[in-house]
Amino acid sequence: MTRMAQPIEDYAIIGDSQTAALVGKDGSIDWLCLPRFDSAACFAKLLGDDSNGHWSIRPQGDVTAVRRRYRGHSLVLETDFETPTGVARLVDCMPVCDDRADIVRRVVGVSGRVDMAMEWVIRFDYGRIVPWVRNRSHREDIGALVAIAGPDAVCLRGNVTPRPKGMTHQAEFTVTAGETLDFSMTWFPSHLEVPPRYDVTEVLERTADFWADWAQTCTYGGDHRDAVVRSLMILKAMTYEPTGGIVAAVTTSLPESFGGARNWDYRFCWLRDASLTLWALLANGYREEAQAWRRWLLRAVAGDPADLQILYGLAGERRLPECELPWLAGYEGSRPVRVGNEAAGQYQADVVGEVMDSLHQARCMGLEEDRWSWPLQRSLMRYLEDNWERPDNGIWEVRGDVQFFTHSRVMVWVAFDRAVSACENYGLEGPVERWRELRDRVHAEVMTKGWNDERGTFTQYYGGTTVDASLLLISHMGFLAADHPRVLGTIEAIEKDLRHGLFVDRYLTGAGADGETVDGLPPGENAFLACSFWLVGSYARAGRLDDARELFEGLLGLCNDVGLLSEEYDAEGDRMAGNFPRAFSHLALVDAAHTLAGTGQAKPRGSIASRPRIQEGT
C-alpha cells in the first residue's frame, strides 16, 4: 500500500546545525536533505509517497498509544510505542559538532516484547534517483549497506540488516524489555571512503549534553520559559553552523493552502527573519551566535548595495533559481513543488530597515562594531537615499504589481532613524543632517498617504482601503507610540477585518470590499501565525494585558506535542499548514513572551531614552 505523508503537526525535528530531518509519530523519517539544509532530499516522502524515500522503524502490529518528547532541553527525540504485547522506544538524533552528516536511531525495549519492522527507501535528488545499493564487505562493517548515485553516497549500519524487497530494503526484528538495537546512516561524498562507525551510546549522550548546556545559557526569566527555550533551540538548529546563516524553515513547498499553489522553498536565509533572530539571540544571552550571524550578514551583502537581495543561500550565495519538480505529487496534492526562490530578485524596501534595526539592537545590547560593520551600514544608507521613493513587493513578497506598501515605508523610516541614532548616540560618523531630514519626510509621508480617514486606519498600501497585519509593527518599531489614536484605530481595523478567533490573517488574499487585490496569486491561504503573536505584542503595549495574555496562552496551545510551530494554521481543519518548523513563528513567540514579561520589548524596538522623538502628528 502506498502511504503518504502525515499531518504536519505529527512531525518533530532533529538536527545538527547543518541540516535537519523530520521524524513522524509513526517512526518514519520523511524529509532529509544531506549534507546541507538546501541540498537535494534523499527522503522526500513528505512531498510525495513512500517511493520518494523514507526510513521507518515501528511496531509491526497494532499500536495503542504513541507518546513522544525531547530528552530534557535537547533535540534527542524519544518516541514510545505502546502495543498489546509491550512498549518499545525509538530514540532519534543527529550528532552535533563532528563535521559529519549522520542520523542515529536506537530501539529500546521498555516492557514486554514488541515485534518491529524497518523499511529503508533511499532516493537521491528529491525522490527521483534510485541509487545502486550494495553490501559493504569491510570486516568491521559486515552487513552494512552503501547506496551510491553520482556524487552522493550513504552508509546504513545496524544490529539488523534490511534485505531488498522490490524497490525497498526491509527488516523485521523483536525487541524485549531491557534490549537495545542500534542503527545509523551516514552521508559522504561518493569518491571518499566510508566514515567510521559510531559508538551510539556516546553519541546520544554527547548530543543531549550539548543541547542541555546550550539551553542553560538562556537568560530569559519570564513566564513560559520552556516554550521560549524550545523556540530558541529550534532557531539554533536552523542555523547553518559553518557560516552562521539562519534558514527560514527546513522544508520546501509545504502548502499555505492545501491543494493550492502557494508552495515556496524556505531553506534559505532571509535578511528579515535573520535580523529578528539576531535580536532574539542577544536578548536571551546568545552573543556567540549573534556575532556569527552578523559576520554572515557582512559577507553576504558585501559589494555593490544595488545588488542587495532579500534572501541568500547558506553561505551567502546569490543565485537561487526557482524550478518545479513535476515527479513529486506535492503534500496532499499541493502543486507545484518548488525548489529555489525567485523572490531573491524582488525589491523589498523594508529590508534595509530590518538590517539597520537589527544592527542597532546589537549596538544597544553591547555588541561592538567591527571595522567593517559601520562602513557597510553607510553603504546601505547611500543605496537607500537613492531608492527610498521606489514602490516594492512588500514584506509578503507579492507577485502582483509593486506598490507603496505602508509597512515598507515605515521600515524606510526605521532605516533613517537607526542611522541617525548611530551618529547621535554612539558617535559614529555620517551625514546625520541629511538622514534626519529624510527620516522626517518619510514619517510625514506615511502619516498622510498611508492613513485612511474614512476607515480610521493605516492601510496596506498608499491609497488603499484594506489593512495588513504588518501594520501591527508600527508601534513595535517606534514609529508611533503604542497608545497613539492611529495605532489603536489600526488595531481595531485589523481585529475587524483579519482576526478570527486566535488567528490573524496577513491580508485579504481575495478581492477586498472595493475589489482590490495585490498578490497576483489565486485567493486563499491559512492564518499566518506570526501575525497573531504580533497582535499579542500590540495588545500588551497598548495596555490591554488581559487580552494579550489570553491570546498568547491560546497560541501556545497550537504548538504540537514537542513544542513546534509551522508557518500557518488551518483554523477550519484544526491543523498546521505551511513550511515547518518556521523561524518567523518561533521568533514571534519569543518576542511576544518578552513583551508580556516586560524584559526587553515593553518599549518599541530601538527606542532609547536619549534618542530625540519624532513629532507624531495627528
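Some values worked out for this structure:
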| read-out | value |
| --- | --- |
| Odd one out for Thr239 among (1) under 30 Å from Ala593 (Cβ atoms); (2) open to solvent by 30 Å² or more (accessible area, probe 1.4 Å) | (2) |
| Positions within region 464-514 being surrounded by fewer than 19 Cβ atoms within 10 Å (Cβ to Cβ) and touching a Gly at 6+ places or on another chain (Cβ under 6 Å), in sequence order | Gly489 |
| The one condition in (1) among the acidic types (Asp, Glu); (2) out of contact with any Lys or Arg (no Cβ under 9 Å at 6 or more places or on another chain); (3) closer than 23 Å to Thr595 by Cα that Asp468 fails to fulfil | (2) |
| Residue match in region 358-374 (condition: in a loop (DSSP other than H, G, I, E, B), of a type in the set (Asp, Glu) and more than 29 Å from Ala283 (Cα to Cα)) | no |
| Residues of region 267-282 classified as open to solvent by less than 10 Å² (accessible area, probe 1.4 Å), among the aliphatic types (A, V, I, L, M) and closer than 19 Å to Cys364 by Cα, total | 4 |
| Region 366-394 - residue that is open to solvent by 10 Å² or more (accessible area, probe 1.4 Å), out of contact with any Leu (no Cβ under 9 Å at 6 or more places or on another chain) and closer than 17 Å to Ser408 by Cβ and, of those, modelled with the lowest pLDDT | Asn393 |
| Those residues of region 509-534 which are over 17 Å from Trp396 (Cα atoms) and at pLDDT 95 or above, in sequence order | none |
| Test for Thr64: is it at pLDDT 95 or above and open to solvent by 20 Å² or more (accessible area, probe 1.4 Å) | yes |
| From the options Arg436, Arg409, Arg363, residue that is in contact with a helix residue (DSSP H, G or I) (Cβ under 8 Å, 6 or more places away or on another chain), more than 30 Å from Phe37 (Cβ to Cβ), basic (Lys, Arg) and crowded, with 19+ Cβ neighbours inside 10 Å | Arg409 |
| Ala349 being within 22 Å of Tyr426 (Cβ to Cβ), touching a residue at least 40 places away in the same chain (Cβ under 8 Å), surrounded by 21 or more Cβ atoms within 10 Å (Cβ to Cβ) and small (Gly, Ala, Ser) | no |
| Residue match in region 212-221 (condition: surrounded by fewer than 15 Cβ atoms within 10 Å (Cβ to Cβ), more than 23 Å from the chain's Cα centre (by Cα) and modelled with pLDDT under 95) | yes |
| Residue ID - most open to solvent (accessible area, probe 1.4 Å), chosen from residues in region 286-340 that are part of a loop (DSSP other than H, G, I, E, B) and acidic (Asp, Glu) | Asp304 |
| Filtered residues of region 45-55 (kept if in a strand (DSSP E or B) and surrounded by fewer than 23 Cβ atoms within 10 Å (Cβ to Cβ)) | Asp49 |
| Residue list for region 68-91, restricted to those being closer than 19 Å to Trp214 by Cβ and surrounded by 23 or more Cβ atoms within 10 Å (Cβ to Cβ) | Leu75, Val76 |
| Region 92-114, residues that are modelled with pLDDT of 95 or more and either open to solvent by 30 Å² or more (accessible area, probe 1.4 Å) or touching a helix residue (DSSP H, G or I) at 6+ places or on another chain (Cβ under 9 Å) (or both) | Cys93, Met94, Pro95, Asp102, Val104, Arg105, Arg106, Val108, Val110, Ser111, Gly112, Arg113 |
| Members of region 56-85 that are hydrophobic (A, V, I, L, M, F, W, C), out of contact with any Pro (no Cβ under 6 Å at 6 or more places or on another chain) and assigned to a strand (DSSP E or B) | Ile57, Ala65, Val66, Leu77 |
| In region 115-145, residue most open to solvent (accessible area, probe 1.4 Å) [restricted to those that are modelled with pLDDT of 95 or more and in a loop (DSSP other than H, G, I, E, B)] | Arg128 |
| Any pair with Cβ under 9 angstrom, 6 or more apart, that starts in region 191-207 at a residue that is at pLDDT 95 or above and ends at one that is open to solvent by 90 Å² or more (accessible area, probe 1.4 Å) | His191/Pro151; Arg206/Cys97; Thr207/Cys97 |
| Qualifying residues in region 146-161 (those that are in contact with a Phe, Trp or Tyr (Cβ under 6 Å, 6 or more places away or on another chain) and within 9 Å of Trp132 (Cα to Cα)) - the one least open to solvent (accessible area, probe 1.4 Å) | Ala149 |
| Test for Asp357: is it closer than 20 Å to Ser421 by Cβ and open to solvent by 40 Å² or more (accessible area, probe 1.4 Å) | no |
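Residue by residue, here is whether (1) over 30 Å from Gly260 (Cα atoms); (2) touching a residue at least 60 places away in the same chain (Cβ under 8 Å); (3) polar (S, T, N, Q); (4) open to solvent by less than 20 Å² (accessible area, probe 1.4 Å) holds:
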| site | (1), (2), (3), (4) |
| --- | --- |
| Arg541 | yes, yes, no, no |
| Glu568 | no, yes, no, yes |
| Ala592 | yes, no, no, yes |
| Ala597 | yes, yes, no, no |
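The values are calculated or read from the model by the stated rules, or taken from the named source; none is laboratory data. None of these values were measured; they are calculated from a predicted model. Note that each Cβ is placed from the backbone with ideal geometry, even for glycine, and that neighbours are counted across all protein chains shown. All accessible areas refer to the heavy atoms of the entire protein, side chains included, with ligands and DNA or RNA removed. Shrake-Rupley method; radii C 1.70, N 1.55, O 1.52, S 1.80 Å.
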